[in-house]
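The values are calculated or read from the model by the stated rules, or taken from the named source; none is laboratory data. Bear in mind the structure is a predicted one, so any value in this text is a computation, not a measurement. Using ideal geometry, Cβ is built from the backbone for each residue, glycine included, and neighbour counts are taken over all protein chains shown.
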Amino acid sequence: MQNILKLSLLVSTIAIASCGGDAKNEEALKAPNTAIDTKNIDSTIKPVDDFYQFVNGNWMKNNPIPESESRWGSFNELMEKNLAKLKAILEDAAGDKSAQAGSNRQKIGDFYFVANDSVKLNLDGISPLKAELAAIDNIKTTEDLIKEVAHLHTIGVGAMFGGYIGQDPKISTEIITQLGQGGISLPDRDYYTNTDERTLGLQAAYKKHVANMFMLLGDKSDIAEKNAKIVYAIETNLAKASMTKIDMRNPEKMYNKKTLAELADLTPNFKWSIYFDAVEIKNISNVIVGQPDFFKTLNAQIKSVSINDWKAYLRWGLVDQMASKLSDNVVNEHFDFYGKTLLGIPVQKPRWKRAFEATDAALGDALGQIFVEKHFTQASKDKVAEMVKNLIAAYRVRIASRDWMSEETKKAANLKLDKIMLKLGYPDKWKDYSSLDIKRDSYAENFMRANTYSFKQMVNKLGKPVDRTEWGMTPPTINAYYNPSLNEIVFPAGIMQPIFFNPDADDAVNYGCMGAVIGHELTHGFDDEGAQFDSDGNLKNWWTESDKANFKKKTDMLVMQFNNYIAIDSVHVRGELTLGENIADLGGVTISYYAFKKSLEGKPAPEKIDGFTAEQRFFMSWAQGWRGNMRPEFLKNLVQTNPHSPGNFRGNGPLSNMQEFYDAFGVKEGDKMYRPKAERAEIW
């Protein structure tokens, strides 16, 4: 089960780039005048024609994508620096034979050790799944099937559908069970429904991969191929009934509250009382159903698909989810499809990096607590807090200047700013892992136990007050997010460090990137999704009808702008899918620019550095933040499935709407960065 509405600066695979310089020269970062490395500039490109390429062109030429990566940017360089610190923590814990049993140190050490133990993993093969496979094989009735789906959900296998227990979007003080579409293994419904050449090729490769995995489970080739067809047929029907990613950006469409009786009427073939009992969800009277049409289709399949076919589907779901925790033959087959074929990555990451990612996912607070003790600086936290204060002040000025908003709506917008909660660095309250048992017996079993722990923690929220201290990211994460239901912006410790954020750099650089990151998250509260939530986190309209119409006219301009960008070959950016992030980017860099200008009041005018004015360096820092190279396969998948635009369009797109950028670099009509005033989107 997973949260279905959280607006981040980026996603785990498309992470933000750093903004303060080059990781290869950490010492130079301490000097403000090296925070933008002019060696990365491609002087053959005019900044008024392609600003992103001008700022980053030489860096892109000199930084090819490593074999184990789908993309490479300055974020990745920062992450490499971070990984060295985290690896040292984990290896020290894994080698500590005196660690107290049951302590966080013992748990992260044992989890990481077993994840790295290739000898044991290869000796064990698929044996860690034998008990789970036997349970699936023992299914005889629909009741057994529902119980097994419930169990699989508790150990992290998303069979049939998904869901989440969290805040009611319209009553943000209450916790409610939410059900949503799921049960497919390709990245999106469109991978099952599209008929273009690329998609057809991926479908064929996927079916072959599923058959190969069944053979690794012990099926003969003909049985494996038959089971693969069964799996693909079930998943295709689920995919066809699923909402598109664009439709899912409308939280009102996703809010369908039903009583348990209404839920039973919707899916009479799926006995929810059996499911809820099995996962220990008790004493509930209502649920939110994200996609009723999906559940109607699932209901029909419960009856039309045979028990034996469902067993094949569940076996596949189990091995697909657990593959990366098993022996090399299973790991390699899994990577061959999801890594090589789908994303174009030639080789896997080193085992220790994969082990770190799994440890962080399972025991993020335990690892994060040690990380912040060793590596998080109060100076960075204080500086970011100061920047947040300045950004919010700048936002108020911008709201006041909006001629398309009424005073009534402006008042509500300012109230929302008043109530935004800021979380910096790490949680005030760390997770208690005392009920989670981690051993050196099996990587897969540790993974399942960790998922069971997380599932129980989620279920335990029912009937209790909303925990406003909870975090949705671990402290070492280099990312940030806005949560509309809590009306909060969250910045983990990982993002508040050089080279991403450099306390020693000049303000132009820090506001151009970190300030814009803050502004980005603030603007998520006022993008086309976030603006549907009020100051208390409720899905509730606080706009006048005319203001809402004016807002849509302006955001439609961004949709058109990004629809016209060609990412690769004939593949266009999807303006509707990326709208929220594009609004946040434009708002973020705009608000940060004015916060930066306000920070200069009463100070001498900044001198040029390396021949660039402070205003120019601000925009260069912004564009530098998105530098990166991407594999073609990865880029195509990103455009199809991801709400974030590719980095070059994030670097250039917002700036082409800003007169402030035109003034800084002398952009004029005829330049490629120029957009006629009537076509410029000025929102926040």
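The residues listed here are Lys349, Lys282, Lys253; of these, the one that is under 29 Å from Glu132 (Cα atoms), at pLDDT 95 or above, under 22 Å from the mean Cα position of the chain (by Cα) and not in a helix (DSSP H, G or I) is Lys349. Within the set Leu121, Leu90, Leu145, the sole residue that is farther than 30 Å from Pro475 by Cα, in a helix (DSSP H, G or I) and of a type outside the set (S, T, N, Q) turns out to be Leu145.
Against the test of being charged (D, E, K, R) and modelled with pLDDT under 95, the options Glu576, Glu607, Glu615, Glu581 yield a single qualifying residue, Glu607.
No other residue among Ser656, Ser645 is within 19 Å of the chain's Cα centre (by Cα), hydroxyl-bearing (Ser, Thr, Tyr) and within 25 Å of Lys677 (Cα to Cα) apart from Ser645. Out of the residues in region 243-269 that are within 30 Å of Asn563 (Cβ to Cβ) and aliphatic (A, V, I, L, M), state the one that is surrounded by the fewest Cβ atoms within 10 Å (Cβ to Cβ). So, considering only residues that are within 30 Å of Asn563 (Cβ to Cβ) and aliphatic (A, V, I, L, M), the one surrounded by the fewest Cβ atoms within 10 Å (Cβ to Cβ) is Ile246. Every listed requirement among (1) modelled with pLDDT of 95 or more; (2) among the β-branched types (Val, Ile, Thr); (3) farther than 20 Å from Ile171 by Cα is met by Ile478 save one, (1).
Are any residues in region 310-332 surrounded by fewer than 18 Cβ atoms within 10 Å (Cβ to Cβ) and of a type in the set (D, E, K, R), and if so, which ones?
Filtering region 310-332 down to residues surrounded by fewer than 18 Cβ atoms within 10 Å (Cβ to Cβ) leaves 328-329, 332.
Within region 310-332, just Asp328 meets the criteria.
Within region 120-140, the set of residues being among the small types (Gly, Ala, Ser) and either under 21 Å from Lys439 (Cα atoms) or touching a Gly at 6+ places or on another chain (Cβ under 9 Å) (or both) comprises Gly125, Ser127, Ala131. Residue check: Trp272 meets all listed conditions (1) buried (at least 16 other Cβ atoms within 10 Å of the Cβ); (2) touching a Lys or Arg at 6+ places or on another chain (Cβ under 8 Å) but one, namely (2).
Within region 228-250, count every residue that is assigned to a loop (DSSP other than H, G, I, E, B) and under 22 Å from the mean Cα position of the chain (by Cα).
Count: 6.
Do we find a residue being surrounded by 15 or more Cβ atoms within 10 Å (Cβ to Cβ) and more than 26 Å from Met215 (Cβ to Cβ) anywhere in region 120-136? Before you say what the answer is, go through the steps one by one.
Step one: of region 120-136, the residues surrounded by 15 or more Cβ atoms within 10 Å (Cβ to Cβ) are 120-121, 124-126, 128-129, 132-133, 135-136.
Checking which are more than 26 Å from Met215 (Cβ to Cβ) leaves us with none.
No, region 120-136 contains no residue that is surrounded by 15 or more Cβ atoms within 10 Å (Cβ to Cβ) and more than 26 Å from Met215 (Cβ to Cβ).
Flag not set for Asp569, criterion: surrounded by fewer than 19 Cβ atoms within 10 Å (Cβ to Cβ) and under 28 Å from Tyr511 (Cα atoms). Of all residues in region 224-244, those that are under 13 Å from Gly183 (Cα atoms) and assigned by TED's automatic domain parsing to the domain that holds Lys207 have Cβ atoms under 7 Å from Cβ atoms of residues that are of a type in the set (Gly, Ala, Ser) and part of a helix (DSSP H, G or I), 6 or more apart or on another chain, in Val231/Ala312.
Quick one: would you say Leu314 is touching a Phe, Trp or Tyr at 6+ places or on another chain (Cβ under 9 Å) and assigned to a helix (DSSP H, G or I)? So that I can check it myself, show each step before the final result.
Details: touching a Phe, Trp or Tyr at 6+ places or on another chain (Cβ under 9 Å): no; assigned to a helix (DSSP H, G or I): yes.
Spelling it out, it is not the case that Leu314 is touching a Phe, Trp or Tyr at 6+ places or on another chain (Cβ under 9 Å) and assigned to a helix (DSSP H, G or I).
Of all positions in region 169-191, at least one carries a residue that is part of a helix (DSSP H, G or I) and either buried (at least 20 other Cβ atoms within 10 Å of the Cβ) or more than 25 Å from the chain's Cα centre (by Cα) (or both).
Take the residues in region 584-604 that are part of a helix (DSSP H, G or I) and among the charged types (D, E, K, R), then tell me which one is modelled with the highest pLDDT. First the steps, then the outcome.
Going through region 584-604, the residues part of a helix (DSSP H, G or I) turn out to be 584-599.
Okay, now just the ones that are also among the charged types (D, E, K, R), so 585, 597-598.
On the way: Asp585: 97, Lys597: 94, Lys598: 91.
Only one residue fits best here, namely Asp585.
When Leu424 is tested against (1) touching a residue at least 60 places away in the same chain (Cβ under 8 Å); (2) within 30 Å of Lys208 (Cα to Cα), just one condition goes unmet, and that condition is (2).
The numbered conditions (1) surrounded by fewer than 22 Cβ atoms within 10 Å (Cβ to Cβ); (2) out of contact with any Asp or Glu (no Cβ under 8 Å at 6 or more places or on another chain); (3) under 29 Å from Ile288 (Cβ atoms) are all true for Asn550 except (3). Close Cβ contacts (under 9 Å, 6 or more residues apart or on different chains) running from residues in region 583-611 that are within 27 Å of Pro643 (Cα to Cα) and in the same structural domain as Pro643 (by TED's automatic domain parsing) to residues that are β-branched (Val, Ile, Thr) and in a loop (DSSP other than H, G, I, E, B) comprise Ile583/Ile683; Leu586/Ile683; Gly587/Ile683; Thr590/Ile683.
Flag not set for Ala379, criterion: more than 23 Å from the chain's Cα centre (by Cα) and either among the polar types (S, T, N, Q) or closer than 26 Å to Ala549 by Cα (or both).
Okay, residues lined up against (1) assigned by TED's automatic domain parsing to the domain that holds Pro632; (2) touching a Lys or Arg at 6+ places or on another chain (Cβ under 9 Å); (3) modelled with pLDDT under 50; (4) under 26 Å from Arg351 (Cβ atoms):
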site: Thr13; (1), (2), (3), (4): no, yes, yes, yes
site: Asp22; (1), (2), (3), (4): no, yes, yes, no
site: Ile36; (1), (2), (3), (4): no, yes, no, no
site: Trp72; (1), (2), (3), (4): no, no, no, yes
site: Leu90; (1), (2), (3), (4): no, no, no, yes
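Residues that are within 16 Å of the chain's Cα centre (by Cα), surrounded by fewer than 24 Cβ atoms within 10 Å (Cβ to Cβ) and of a type in the set (S, T, N, Q) within region 478-511 comprise just one, Asn479.
Per the listing Lys423, Lys439, Lys461, Lys431, the residue uniquely outside any helix (DSSP H, G or I), within 22 Å of the chain's Cα centre (by Cα), charged (D, E, K, R) and under 30 Å from Gly317 (Cβ atoms) is Lys431.
Being assigned to a loop (DSSP other than H, G, I, E, B), among the polar types (S, T, N, Q) and not assigned by TED's automatic domain parsing to the domain that holds His520: is that true of Thr452 here? No: the conditions fail for Thr452. Evaluate the following for Gln616: is it out of contact with any Gly (no Cβ under 8 Å at 6 or more places or on another chain), surrounded by 16 or more Cβ atoms within 10 Å (Cβ to Cβ) and polar (S, T, N, Q)? In short, yes. If you check Lys130, Lys147, Lys140 for being within 30 Å of Pro465 (Cα to Cα), out of contact with any Cys (no Cβ under 7 Å at 6 or more places or on another chain) and of a type outside the set (A, V, I, L, M, F, W, C), only one passes: Lys147.
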